[in-house]
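Structure, as structure tokens:
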Amino acid sequence: MLLPIGHSLGVAVDPATGEPVHRVRVGPDVIRLADERFFLWALTHGTPDRVEDELWGPDEVLDAAAGTADPGGALAGLIEDGLVASIAPGTPEAFAFARTHQLEPLMLGLGNLPDEPDTYEVGLPGQPLARLGAALAHLYLWGHLQANLWIACEATGDVARETPERVLEGTLRSLHGLLGPNAAYLDRVA
């Protein structure tokens, strides 16, 4: 699966060229991306028609980028630059990723649903953007206070009575539901 790293800060004018550039903050750094690279980075968040819990990988991103000049090269460059992570849930790489990255919420936790007490919504009042299970909701609300995603999964596992490995796998499989509508972003830990 592909995961975008960083938080979009919008468009600015490059002082050196006078051209518009997209700014993405990763850790303390602000990286400037040209339109083509930003488009591919944005596609790694998922698309609105994506099936829930479908892993969003290179094939899906490249299919969505059809018609773009050299999307494969741009995607490879984003992975090489650390703006996109390519991992598979349940692998050593996924555990290494969790120890070096953090999930940062961008929206409010709106609470659980009266008819479905184990389902929680995040978004804005009256405008929920995502529905989460209880474990992911706990991680979403409190995980950013931990040192990294792995420690957040350990803490969530204690609350949810699950192993941190299962919490991490469930989180990774559900992340695009938060990343797609910009309810959260992934960042490198300092």
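Taken together, the values in this text are just the output of simple stated rules run on the coordinates, not laboratory data. Worth saying up front: this structure is predicted, and the values here are computed from it rather than measured. Backbone-built Cβ (ideal geometry, glycine too); neighbour counts: all protein chains shown.
Which one of HIS176, ALA42, PRO28 has its Cα pushed farthest toward the positive end of the charge dipole of the chain, where Lys and Arg give +1 and Asp and Glu give -1 at the Cβ?
Ranked along the dipole, the leading option is PRO28.
Please compute the contact order of the chain in relative form: average sequence separation of alpha-carbon pairs under 8 Å and at least six residues apart, divided by the residue count, as a percent. Don't skip to the answer; put the middle values down first.
Values: 322 pairs, mean separation 47.2, N = 190.
Relative contact order comes out at 25 percent.
Return, for the Cα atoms of the range 102-188, the radius of gyration and Dmax in Å, separated by a comma.
Using the Cα atoms of the range 102-188, the pair Rg, Dmax is 12.0, 37 Å.
Calculated FRET efficiency, ASN182 and ALA134, Cβ-Cβ r, R0 25 Å, to nearest 0.05? Don't skip to the answer; put the middle values down first.
On the way: r = 23 Å, r/R0 = 0.91.
For R0 = 25 Å, the calculated efficiency reads 0.65.
Could the peptides 97-104, 28-35 be put in order, highest first, of the mean number of other beta-carbon atoms found within 10 Å of their residues?
Working: 97-104: 18.5, 28-35: 14.4.
Highest mean packing first, the order is 97-104, 28-35.
Based solely on its DSSP helices, what 222 nm [θ] is calculated for the chain when runs of n ≥ 4 H residues each add -39,500 (n - 2.57) and the sum is averaged over all residues, nearest 500 deg cm²/dmol?
On the way: 8 runs with 71 residues, N = 190.
So the helix-based figure for the chain works out to -10500 deg cm²/dmol.
Could you pull out every residue, at least 5 positions away or on a different chain, whose amide H is within less than 5 Å of the one on ALA85? Hs are placed 1.01 Å off N in the peptide plane, and Pro or chain starts have none.
Hits under the 5 Å cutoff: LEU3, ILE5.
Please give the Cα centre distance for the range 68-83 versus the range 131-176, rounded to the nearest Å.
For the range 68-83 versus the range 131-176, the Cα centre distance is 29 Å.
Taking H placed 1.01 Å from N in the peptide plane, check which residues at least 5 places from LEU108 or on another chain put their amide H under 5 Å from its amide H.
So LEU108 has HN proximity to GLY123.
Pop out the ³J(HN,Hα) list for the range 123-135 in order, Karplus 6.51 cos²θ - 1.76 cosθ + 1.60 with θ = phi - 60°, rounded to Hz; leave Gly and Pro as x.
Listing the rounded values in order: x, 10, x, x, 9, x, 9, 8, 10, 10, x, 4, 5 Hz.
Using the Cα atoms of the chain, I'd like the radius of gyration and the largest Cα-Cα distance, Dmax, both in angstrom.
In order Rg, Dmax, the Cα atoms of the chain give 16.7, 55 Å.
To the nearest 10 degrees, how steep is helix 71-80 against the longest Cα principal axis of the chain, on a 0 to 90 scale?
Roughly 60 degrees between the two axes.
Please state, as a whole number in µm²/s, the translational diffusion coefficient that the Stokes-Einstein equation yields for the range 93-141 at 20 °C and 1.002 mPa s, with Rh defined as the Kirkwood radius across alpha carbon pairs.
Working: Rh = 11.8 Å.
Value of D from the Cα-based Kirkwood radius: 182 µm²/s.
Could you give each residue of the range 161-170 its phi-based ³J(HN,Hα) in whole Hz, using Karplus coefficients 6.51, -1.76, 1.60 with θ = phi - 60°, and x for Gly or Pro?
Karplus values, whole Hz, x for Gly and Pro: 6, 10, 6, x, 4, 5, 4, 4, 4, x.
Report the Stokes-Einstein translational diffusion coefficient (µm² s⁻¹, integer) for the range 2-86, Rh taken as the Kirkwood radius over Cα pairs, at 37 °C with viscosity 0.692 mPa s. All intermediate terms of the calculation are to be shown ahead of the outcome.
Numbers: Rh = 13.3 Å.
Approximately 246 µm²/s, per Stokes-Einstein.
Taking the chain as a Gaussian network, Cα atoms linked when under 10 Å apart, which of ALA66, ALA160, ALA94 shows the biggest mean-square fluctuation?
ALA66
Residue-wise, which Karplus ³J(HN,Hα) couplings in Hz belong to the range 99-112, taking 6.51 cos²θ - 1.76 cosθ + 1.60, θ = phi - 60°, and x for glycine or proline?
The phi angles translate into 7, 10, 9, 9, 8, 10, x, 10, 10, 7, x, 9, x, 8 Hz.
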